[in-house]
1. Out of B:66, B:44, which single residue is under 27 Å from residue A:27 (Cβ atoms), outside the structural domain of residue B:115 (by TED's automatic domain parsing) and either surrounded by fewer than 19 Cβ atoms within 10 Å (Cβ to Cβ) or modelled with pLDDT under 95 (or both)?
2. Go through the stretch A:67-101 and give me each residue that's over 17 Å from the mean Cα position of the chain (by Cα) and under 28 Å from residue A:16 (Cβ atoms).
3. With respect to the numbered conditions (1) part of a strand (DSSP E or B); (2) modelled with pLDDT under 95, which one is the sole condition not fulfilled by residue A:186?
4. Select the helices (runs of 4 or more DSSP H) contained entirely in the stretch A:1-83, then report the ones holding at least 3 residues which are under 22 Å from residue A:95 (Cβ atoms) and within 14 Å of chain B (Cβ to nearest Cβ).
5. Inspect all residues belonging to the stretch A:221-233 and state whether any of them is in a strand (DSSP E or B) and either within 28 Å of residue A:36 (Cβ to Cβ) or in contact with a helix residue (DSSP H, G or I) (Cβ under 7 Å, 6 or more places away or on another chain) (or both).
6. So which helices (runs of 4 or more DSSP H) are wholly in the stretch B:53-166 and hold at least 1 residues that are more than 12 Å from chain A (Cβ to nearest Cβ), out of contact with any helix residue (DSSP H, G or I) (no Cβ under 8 Å at 6 or more places or on another chain) and in contact (Cβ under 8 Å) with a residue 24 or more places away in the chain?
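The values are calculated or read from the model by the stated rules, or taken from the named source; none is laboratory data. Note that the structure is predicted; figures quoted are calculated from it, not measured. Cβ placement follows ideal geometry from the backbone for every residue including glycine, while neighbour counts extend to all protein chains displayed.
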């Protein structure tokens, strides 16, 4: 690792101040991506602003048909939350299958969405449920938040403070994990609820997570796996790499969508 | 250099570290607790797993300064003062849950966290899934799973003594 200065502010205001004063400062949530990146010298921030000392960024609240999860809430906390399990079981289950136990004990929802790894699970849930991202400055609809691979609508120095999810009528997530990394080769999140009928795909898009409009229209007409018959995914916007070709991922999207639909009931 | 203060295996410790020092470097190089291993150094193999405030974490992927004020337990902190092994360590010995032994400290630390957080008991499949963050390059998983199954019975008070391994 290159040298950097470590800060651990106790409030959002202090964190924002530290980040605003230095364009090469980086916020850190769980550090499950940032620390390996620093170790490989793929990034050289002047300072790392650890958000773990900010109590107001942690916690889960469920009220009025909305589940709100603080940005620094770990995957383990979401996975084991009785409230999330009850309100949106698909979300708790998704969190329970991110990485491994040790990653889930440190990794956070805020870090995951701010990083927008194209193979991360949470972006699928945000798009699939029509979530809202809260930052220290504003709120951003999930549909406007993910702007490309490792790219989001966040401005430099802007911090994800929470994500709120409307409670759906039905929802499920099906993922085909890479057997080594547990990242999604393809993950499909389907939901029916206050945000309409939604189908979100992660792991497959060249620009990161995306909504599958053709499947959404078909399921809006008829909420059944049979409605998905014959729907294919154009391969030109998919990601092909050493783990899977575009063609393979396009096929998996159909398989995962049908599995998710079966699980959602 | 900044100073970090934390509790390691029940004892308060304080040391000067660089901001970029990893927790595993503090443990191994400064405190000389070399039971915690570095295998892949890329957060995948789990040889470096320790407990921080009761959660198993990969100490190669945590800055030492992030552990400020934390309670850290390493493999050296498990046995009683008189040398009596933790039930998980005893089970790993009884079931010969190791071949070369390199992954063993991380396996034991992950297994204890896994068992503690699942008081309802774990099936063989759940144990295997719970070990996803730990790699054994000898591929000695089978006996590791058997050991964890035996240890969970002791840790949850279902049996007083560790079930013995079947005689060969």
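1. Numbers: B:66 fails: either surrounded by fewer than 19 Cβ atoms within 10 Å (Cβ to Cβ) or modelled with pLDDT under 95 (or both).
Of B:66, B:44, the one residue that is under 27 Å from residue A:27 (Cβ atoms), outside the structural domain of residue B:115 (by TED's automatic domain parsing) and either surrounded by fewer than 19 Cβ atoms within 10 Å (Cβ to Cβ) or modelled with pLDDT under 95 (or both) is B:44.
2. Quick first cut of the stretch A:67-101, residues over 17 Å from the mean Cα position of the chain (by Cα) only: A:80-83, A:85-87, A:101.
The one that is over 17 Å from the mean Cα position of the chain (by Cα) and under 28 Å from residue A:16 (Cβ atoms): A:81.
3. The number of the failed condition is (2).
4. Working: elements: A:12-20, A:34-39, A:75-80.
In the stretch A:1-83, the matching helices (runs of 4 or more DSSP H) lie at A:34-39, A:75-80.
5. From the stretch A:221-233, those in a strand (DSSP E or B) are none; that's our starting set.
Scanning the stretch A:221-233, I find no residue that is in a strand (DSSP E or B) and either within 28 Å of residue A:36 (Cβ to Cβ) or in contact with a helix residue (DSSP H, G or I) (Cβ under 7 Å, 6 or more places away or on another chain) (or both), so the answer is no.
6. Working: elements: B:87-94, B:104-116, B:124-130, B:141-155.
Passing ranges, in order: B:141-155.
Each row is one residue, and each column tells you yes or no for (1) outside any loop (DSSP other than H, G, I, E, B); (2) under 23 Å from residue A:36 (Cβ atoms).
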position: B:12; (1), (2): yes, no
position: B:20; (1), (2): no, yes
position: B:25; (1), (2): yes, yes
position: B:37; (1), (2): no, yes
position: B:41; (1), (2): no, yes
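Every residue, every condition in (1) buried (at least 18 other Cβ atoms within 10 Å of the Cβ); (2) within 12 Å of residue A:164 (Cβ to Cβ); (3) in contact with a helix residue (DSSP H, G or I) (Cβ under 8 Å, 6 or more places away or on another chain); (4) without any contact (Cβ under 8 Å) to a residue 60 or more places away in the chain, yes or no:
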position: A:67; (1), (2), (3), (4): yes, yes, yes, no
position: A:72; (1), (2), (3), (4): yes, no, yes, yes
position: A:75; (1), (2), (3), (4): yes, no, yes, yes
position: A:79; (1), (2), (3), (4): yes, no, yes, yes
position: A:96; (1), (2), (3), (4): no, no, yes, yes
position: A:100; (1), (2), (3), (4): yes, no, no, no
